[in-house]
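As structure tokens, the structure follows; a few thoughts come after it.
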Protein chains: 2
Amino acid sequence: MMSIQDLLLGERQALIRTRLDLSGRVIAADLAQELGVSEDTIRRDLREMASAGLCRRVYGGALRLSPSTTSMNERIGIAGESKAALARTAAGLLPAGATVFLDAGSTNHALARALPTGADLTVATNAPAIAAALLERDIATIQLGGMVDARVGGVIGTSAIRDAEALRLDILVLGVCGIDQDAGVTCYSFEDAEFKRFVAQRSRSVLISVTNDKLSIAAPYSVLPLSRVSRAIIEADADATQAAALAAAGIDILRAV
Amino acid sequence: MMSIQDLLLGERQALIRTRLDLSGRVIAADLAQELGVSEDTIRRDLREMASAGLCRRVYGGALRLSPSTTSMNERIGIAGESKAALARTAAGLLPAGATVFLDAGSTNHALARALPTGADLTVATNAPAIAAALLERDIATIQLGGMVDARVGGVIGTSAIRDAEALRLDILVLGVCGIDQDAGVTCYSFEDAEFKRFVAQRSRSVLISVTNDKLSIAAPYSVLPLSRVSRAIIEADADATQAAALAAAGIDILRAV
DNA sequence: TGAGAATATGCATGATTCGGCAAAGCCGTC
DNA sequence: GACGGCTTTGCCGAATCATGCATATTCTCA
């Protein structure tokens, strides 16, 4: 039996980095106790990692450097932090051993990046960028095949649906273009809507994470009625009336931290 | 009777590699006891494997280079400039309108990054990271589907082959693990070799770009004989004797600038 | 400004590593 | 079969490293 204190040096730092990625901050004293080493050792680790540009050292611990270090996050831009907050919350809702589908979209890309390295999940996706992020985190990945739609950033259409037929999912994390109490979940492309609907049929539950700008938006093509959505994660400062409307439709509402 | 300590050098290293793949970490002292050799021998093995890029050496043992910390970014970083030079030269060899396949691998990832935005190409790939780079450059992309092999960084196996059946390629840009005038093009995984061979059948020409460390390397699994390779791009300072050997096999040799 | 926590620095210690060296095994040649 | 060259391996000593502790310094917060 391997106990937590028998970590090799590199492993300890990798674990700290994962912790940083996940929650954005670590506290030296907590890490020391948790990993069974002295605070000095943790501080040395943090100092090293900071000088290697992997985190920012602060009094008492360390912080993740602002998400502008990676190319994709730069593209996500200003909305990055709120998306990352949604993503961290969503990451906590994926149980070990689950088979999950991450639909294309920047919100789900953030979720892929929020997953801890080596997470015990099998994740299928139609978006190459998401698959690449999953691979970097050493997570079992299934990539759907076909011509990639540049607007969606993922594979849709017949080949994707054919590949998706082989899947049996515990959780579908849906990228949504709009959600509205009357129109339900909607998106901007007919084929994309068709694809999402198909994947939803193959999944036991449907999870969506919704930025504020998607609330009360009805896009042209209908994806699912609200009754098919199991759970929604909304931003910490999301409008209470709209949240209540979704909850009234039977959706389990979670606010991101 | 062959016991565990009668392993040949290569076998021992292969076993260590398996162990690394499996659990992500090995401890020198444990391996020494388990394999019945001295710790010095294990350390020598680990040192060799580390300098061959197969693991990361840490105090007390070694770790798998986990994609999160090292994989693409660092592998690109280490040999970045020479790979970028190969990539620039290769990019110039893809004619407008062509249908191209970019095989998984850091060299081809560099090629994808070297392509100009909006290039008039249709590019198929089995590697999500490459597909993501192509999408960022607004290039028509076809992604093969299936379970992604973490070591290869791309999809291989039956589903990938099934998807590849639909392709008819002008140029296959092959990622090679080794090229040798006797062994031909070789790689480290049986399934990967099988996949590459299949794609090669569907392509009118085969292009490879070869870093110096791949020259005169014969990996375990044979991919193609040299006669099937149309063109090879080698580094500016590649060994002249080895270049001549490839040219003698009928390969069109180009030196990168 | 002062109390208390957090940090940097130097040092001791035990474990690990590196380089060189020699013994043993393997190979081809004479 | 004997010989020399080559590789692999184990062992030794010196050097290096990771870690914890003690001490002086710096920082935060009230």
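The values are calculated or read from the model by the stated rules, or taken from the named source; none is laboratory data. As the structure is a prediction and not an experimental result, all values here were calculated from the model. Note that we place each Cβ from the backbone using ideal geometry, even for glycine, and neighbour counts take in every protein chain shown.
Listed conditions (1) in a helix (DSSP H, G or I); (2) on the phi > 0 side of the Ramachandran plot are all met by residue A:250, apart from (1). Scanning the stretch A:140-163 for residues that are more than 9 Å from chain B (Cβ to nearest Cβ) and under 16 Å from residue A:108 (Cβ atoms) turns up A:149, A:151, A:152, A:156. For the stretch A:201-211, the criterion of being modelled with pLDDT under 90 and not small (Gly, Ala, Ser) is met by at least one residue. If you go through the stretch B:182-210 and pick out every residue that is in a loop (DSSP other than H, G, I, E, B) and crowded, with 17+ Cβ neighbours inside 10 Å, you end up with 2. Here residue B:62 fulfils each of the conditions (1) part of a loop (DSSP other than H, G, I, E, B); (2) modelled with pLDDT of 85 or more; (3) of a type in the set (A, V, I, L, M); (4) farther than 25 Å from residue B:257 by Cβ apart from (1). Restricting attention to the stretch A:217-241, the residues that are closer than 18 Å to residue A:82 by Cα and over 20 Å from the mean Cα position of the chain (by Cα) total 2.
Within the stretch B:128-138, being touching a Ser or Thr at 6+ places or on another chain (Cβ under 8 Å), crowded, with 19+ Cβ neighbours inside 10 Å and more than 7 Å from chain A (Cβ to nearest Cβ) holds for one residue alone: B:134.
Only one residue in A:6, A:40 is within 13 Å of DNA strand D (Cβ to nearest atom) and modelled with pLDDT of 85 or more, so which one is that? Spell out how you get there, then give the answer.
Details: A:6 fails: modelled with pLDDT of 85 or more.
Residue meeting the stated conditions: A:40.
One residue stands out in the stretch B:37-64 among those that are near DNA strand C (Cβ under 10 Å from one of its atoms) and within 11 Å of another protein chain (Cβ to nearest Cβ): the one that is surrounded by the most Cβ atoms within 10 Å (Cβ to Cβ), namely B:62. Apart from one condition, residue A:77 fits all of (1) surrounded by fewer than 19 Cβ atoms within 10 Å (Cβ to Cβ); (2) in the same structural domain as residue A:189 (by TED's automatic domain parsing); (3) at pLDDT 85 or above; the exception is (3). Looking only at residues that are within 17 Å of residue A:213 (Cα to Cα) and in contact with an Asp or Glu (Cβ under 8 Å, 6 or more places away or on another chain) in the stretch A:81-111, which one is modelled with the highest pLDDT? Here the residue is A:86.
Among all positions in the stretch B:191-212, there is no residue which is in contact with a Ser or Thr (Cβ under 8 Å, 6 or more places away or on another chain) and of a type in the set (Asp, Glu).
Where helices (runs of 4 or more DSSP H) fall entirely within the stretch B:92-173, those with at least 1 residues that are among the polar types (S, T, N, Q) are at B:106-114, B:158-164. Report whether or not residue B:25 is modelled with pLDDT of 90 or more, within 16 Å of DNA strand D (Cβ to nearest atom) and farther than 26 Å from residue B:209 by Cβ. Answer is no for this residue.
Quick check on the stretch A:217-233. Is at least one of its residues touching a residue at least 60 places away in the same chain (Cβ under 8 Å) and either among the β-branched types (Val, Ile, Thr) or surrounded by fewer than 20 Cβ atoms within 10 Å (Cβ to Cβ) (or both)? Scanning the stretch A:217-233, I find at least one residue that is touching a residue at least 60 places away in the same chain (Cβ under 8 Å) and either among the β-branched types (Val, Ile, Thr) or surrounded by fewer than 20 Cβ atoms within 10 Å (Cβ to Cβ) (or both), so the answer is yes. Selection of the stretch B:242-257 for residues being within 14 Å of residue B:179 (Cβ to Cβ) and β-branched (Val, Ile, Thr) yields B:251, B:253.
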